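Just so it is clear, none of the values below were taken in a lab; they were calculated from the coordinates. The structure displayed is predicted, hence computed values, not measured ones. Quick reminder, even Gly has a Cβ in these numbers, built from the backbone with ideal geometry, and neighbours come from all protein chains shown.
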């Protein structure tokens, strides 16, 4: 898995620290149960999927490029810092997740005093 750490700010207000992971050699992994199939594609994971981990909260989820950040976070219900959703929106808009900058400033992202978890049923 290729990983990158990106720090995200909204000016001097909030500071998010994230790890983005993209599968590499794992694409060749054959299933132990069904050795004629590559595991990741057989369970619906494509090359447009990536892992986003909030390093501050220790929680994250797998996302698929082109999604809607708000809806995806409602589905996954991970505990995230205030910069997670704006950063996920920014990631979705990038043509590639390769070689991301080490720092992204999103001055339009709203300020919040603490992280949150979306409410569940």
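Data table
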{"quantity": "Top-ranked residue of region 66-97 - restricted to ones that are in contact (Cβ under 8 Å) with a residue 60 or more places away in the chain and in a loop (DSSP other than H, G, I, E, B), ranked as nearest to residue 28 (Cα to Cα)", "calculated": "97"}
{"quantity": "Selection within region 7-65 - surrounded by fewer than 12 Cβ atoms within 10 Å (Cβ to Cβ), under 22 Å from residue 110 (Cα atoms) and free of Cβ contacts under 8 Å to residues at least 40 places away in the same chain", "calculated": "12, 58"}
{"quantity": "Test for residue 100: is it assigned to a loop (DSSP other than H, G, I, E, B) and buried (at least 16 other Cβ atoms within 10 Å of the Cβ)", "calculated": "yes"}
